[in-house]
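Each remark here refers to the structure printed beneath this line.
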Amino acid sequence: MIRRTFLILPTIGEVTERKLWREGLLDWDCFLRSKSVSGISSRRKERLDGGLHQASDFLERGEVAYFTRLLPSREHWRFLEEAGEDVAYLDIETDGLGPRAVVTMVGVHRPSGSVTLVRDIDLNEKSLSASLRGCKMLVTFNGASFDLPMIEREFPFSMPRVPHFDLRHGCARIGLTGGLKSVERQVGIFRARELEYMTGEEAVYLWHLWKRKGNENALKLLKRYNLEDTKNLAPIAGMVYRQLRERALNAGAMA
């Protein structure tokens, strides 16, 4: 979908993008092959061609940070298919919900495997950076408002500058409302019985049970809970991506 996206170009908005799609300019190559485009002067076409050539070069080199400043954040979902195996699904746990809360656990799920980093054991800037090395896209649920600001506050140099698909907003756009657990049930994802109705408040309780009493079972259950949070983001992201893509292209066809 990213190669069909013209929003990365200056002065091109959603209305113009849909107009280009409707006229058969479905991707960057189609636009570049076209000698002229309705409503775009030859001089402007030349500038836009240059922008697409540059974007294509950055994409081929895997330098995805280039797109984070060009593409509106609500449209970062368009990068999911291009990122392929280099997507990282991320979720954190904290020791409370107040302003003094700290990150206690960071889970990162990738197609190549999953890792759960625990405070005072192996969670630090170096280990977090390593878990995200080579990542070309981040996927979270409410990460823009919660997970990423928390991480950046405590581990400010650990996060890669890549497109970020926040599923909380993506789900809302296709009518899936509520928190992650609610969305899971709406799309037919069910957790193991001991995790199915576990809440964030209970996750905080498990952390304190581990820290204060050294309860190994509490830590194991919390890590399982966090792992489910990250792994379940993957099928949801794929489903939301497909629906958003279909909607965008259909809107272009009907514009």
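Residues that are buried (at least 16 other Cβ atoms within 10 Å of the Cβ) and in a helix (DSSP H, G or I) within segment 33-47 comprise just one, Lys45.
Can you tell me which residue among Arg33, Arg119 is modelled with pLDDT of 95 or more and closer than 27 Å to Leu249 by Cβ? Result: Arg33 is the single residue among Arg33, Arg119 that is modelled with pLDDT of 95 or more and closer than 27 Å to Leu249 by Cβ. Could you say whether any residue in segment 114-124 is out of contact with any Phe, Trp or Tyr (no Cβ under 7 Å at 6 or more places or on another chain), within 18 Å of Arg69 (Cα to Cα), among the hydrophobic types (A, V, I, L, M, F, W, C) and assigned by TED's automatic domain parsing to the domain that holds Arg224? No - not one qualifying residue is present in segment 114-124.
Could you tell me which numbered condition Arg191 fails, if it satisfies all but one of (1) surrounded by fewer than 16 Cβ atoms within 10 Å (Cβ to Cβ); (2) in contact with a helix residue (DSSP H, G or I) (Cβ under 8 Å, 6 or more places away or on another chain); (3) basic (Lys, Arg)? All conditions pass for Arg191, except number (1). Considering only residues that are polar (S, T, N, Q) and surrounded by fewer than 20 Cβ atoms within 10 Å (Cβ to Cβ), which ones fall in segment 95-131? Ser112, Ser114, Asn124, Ser127, Ser129 - these are the residues of segment 95-131 that are polar (S, T, N, Q) and surrounded by fewer than 20 Cβ atoms within 10 Å (Cβ to Cβ). Taking residues in segment 71-84 that are more than 13 Å from Phe6 (Cα to Cα), and partners anywhere that are among the basic types (Lys, Arg), the pairs with Cβ atoms closer than 6 Å and at least 6 places apart or on different chains are Ala83/Lys136. Taking the conditions (1) under 23 Å from Ser127 (Cβ atoms); (2) modelled with pLDDT under 95; (3) surrounded by 19 or more Cβ atoms within 10 Å (Cβ to Cβ) in turn, Thr230 satisfies each one other than (2). In segment 106-138, the qualifying residues are those that are among the small types (Gly, Ala, Ser) and assigned to a loop (DSSP other than H, G, I, E, B), and the one that is farthest from the chain's Cα centre (by Cα) is Ser112. On inspection, Asp57 does not qualify as in the same structural domain as Arg224 (by TED's automatic domain parsing), over 15 Å from the mean Cα position of the chain (by Cα) and farther than 25 Å from Ile236 by Cα. Only one entry in Thr68, Thr104 is assigned by TED's automatic domain parsing to the domain that holds Arg212 and within 23 Å of Ser145 (Cα to Cα), namely Thr104. Would you check if Thr104 is out of contact with any His (no Cβ under 6 Å at 6 or more places or on another chain) and under 18 Å from Ala218 (Cα atoms)? Criteria met by Thr104.
Residue-level check: of (1) closer than 26 Å to Phe58 by Cα; (2) in contact (Cβ under 8 Å) with a residue 60 or more places away in the chain, Gly134 misses just (2). When segment 21-47 is examined, which residues are found to be touching a residue at least 40 places away in the same chain (Cβ under 8 Å) and within 28 Å of Met137 (Cα to Cα)? Hit for segment 21-47 is Trp21, nothing else. In this structure, does Glu63 turn out to be in contact with a Phe, Trp or Tyr (Cβ under 9 Å, 6 or more places away or on another chain), among the acidic types (Asp, Glu) and on the phi < 0 side of the Ramachandran plot? Against the criterion (in contact with a Phe, Trp or Tyr (Cβ under 9 Å, 6 or more places away or on another chain), among the acidic types (Asp, Glu) and on the phi < 0 side of the Ramachandran plot), Glu63 does not qualify. Residues in segment 48-69 that are surrounded by fewer than 16 Cβ atoms within 10 Å (Cβ to Cβ), in contact (Cβ under 8 Å) with a residue 12 or more places away in the chain and not in a helix (DSSP H, G or I): 1 in all. The single condition among (1) modelled with pLDDT of 95 or more; (2) within 26 Å of the chain's Cα centre (by Cα) that Ala218 does not meet is (2).
The values are calculated or read from the model by the stated rules, or taken from the named source; none is laboratory data. Predicted model, so just to flag it, every value in this text is computed and none were measured. Glycine gets a Cβ as well: all are built from the backbone with ideal geometry, and neighbour counts include every protein chain shown.
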